[in-house]
Amino acid sequence: MSVPAPALADRGAVDQFNRTTSLDIPREGRNVLVVEKSLDLAAGEARHLRGRLEAVSSTTGTVAMNATLICNDQAGTKVGSSATSSRNHEGSDASYKDTGHLPLYVDMLFVAPAAGTYLCGLYGLTDVSNATDYHLAVVTGGKTWLQVSAEDQPGANWWRGPACSSSGDSVSCTYLGTSAKADTFVFYNDGSTPVKWRHAPGATAVQALANVTVTTCYQGTKSCAGVPESERLARTATSSSSVSFRMDVIQLDAAGSHTCRLTQTTPVTNKISDEAHHYVTYLSLPSVPVDSSCGDQFLLRVYVKHLSGSPIKIDGQQSTSLTNGIMMNL
């Protein structure tokens, strides 16, 4: 599993709020509040939110597990977009780092649309169609938390992948590992309009991070409408897809048209089991120097390449955002 550092170098301090009491997430297909923080913000003020949800299942079966960040106004109405990381929990006996303990991380940039008080929280969800008598138990002891940047993150930007429905029938879905396509750049040539982000005057470094969610397209799954059955492989107890990920931060030249300086993460190859079905890769560059000989604009992109196994779908915007990138001034 690709695991990020516990905290990134946001501009200023990062506060962490732990879940300290026991909590069960029932099989009801609804978001259950796990940790919440009240934020008093001015209009346009931005905060980086990061959540970590670790849970143990009461069943050995495979069930859905989501970790979602949502900000509401004082009336309880959702404000802006939410962000979600999704993966199937493979059971209480699953061979994770700690047996049965599945941690999910999720990041979001929240920008206050108006001055006011906002309640931003980490939520958990589980569901499955063939069982009702189970739950996910949230792990405490510093394992489940919400982090919030303590200061405004002026000029920060949040990238979100194109729309791609749960069933995969959106025309803007990206599939890799098919006869038509093996790789893509998320936020760049995946149907996105590339964003040229301008760093703040005087900034000497910037931070970049991305969460990319993918889904395996084995035979019979209803998540990949855009892949013919003939291009999928059979699901077995050990079947998987191998996928490579790399994040690029490109500082453009003064004209904003060509690469002046390229900073990359080390490529990671993840083996994504069909049991997990969904998988989130976390990529980060905590401090990218700003080259004064270049221009003041950056591009952010994530290179994704299918290597083996059934094709994959890159999950994007549904009722929540499943693939995201953030850049902040330091």
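Some notes on this structure:
- Dividing the mean sequence gap of close Cα pairs (under 8 Å, 6+ apart) by how many residues the chain holds gives a relative contact order of 25 percent.
- Projected area, mean over directions - the stretch 100-147, Cα convex hull, nm²: 5.6 nm²
- Portion, in percent, of the accessible area of the chain that falls on carbon or sulfur, probe 1.4 Å: 48 percent
- Range of Cα positions in the stretch 1-156 per principal axis (Å), largest first: 47, 32, 24
- Debye equation applied to the C-alpha atoms of the chain, log10 I(q)/I(0) at 0.14 Å⁻¹: -1.13
- Taking every protein chain into account, the accessible area of the chain amounts to 40 square angstrom per residue (probe 1.4 Å).
- Exceeding the 25 Å Cα-Cα cut-off - candidates K37/K196; K37/K313; K222/K271; K181/K271: K37/K196; K37/K313
- Viscosity 1.306 mPa s, 10 °C: Kirkwood-radius Stokes-Einstein D of the stretch 27-98 over Cα pairs, µm²/s: 108 µm²/s
- The 3J(HN,Hα) values that the Karplus relation (6.51, -1.76, 1.60; θ = phi - 60°) gives for the stretch 38-53 are, in residue order, 8, 10, 9, 10, 7, 4, x, 6, 10, 9, 8, 10, 9, x, 10, 10 Hz. Gly and Pro appear as x.
- For the stretch 154-165, Karplus couplings with θ = phi - 60° (6.51, -1.76, 1.60), whole Hz, Gly/Pro x: x, x, 5, 10, 10, 8, 10, x, x, 4, 8, 5
- Less than 5 angstrom separates the built amide H of R27 from those of Y134, all sequence-distant by 5 or more or on a different chain.
- At 0.692 mPa s and 37 °C, Stokes diffusion of the stretch 258-311 via Kirkwood alpha-carbon radius, µm² per second: 229 µm²/s
- Debye intensity ratio I(q)/I(0), log10, the stretch 171-266, q values 0.15, 0.22, 0.25 Å⁻¹ (C-alpha model): -0.77, -1.26, -1.51
The values are calculated or read from the model by the stated rules, or taken from the named source; none is laboratory data. Keep in mind the model is a prediction, meaning the values are calculated, not measured. The accessibility values were calculated without ligands, DNA or RNA, using every heavy atom of the protein model including side chains. Shrake-Rupley method; radii C 1.70, N 1.55, O 1.52, S 1.80 Å.
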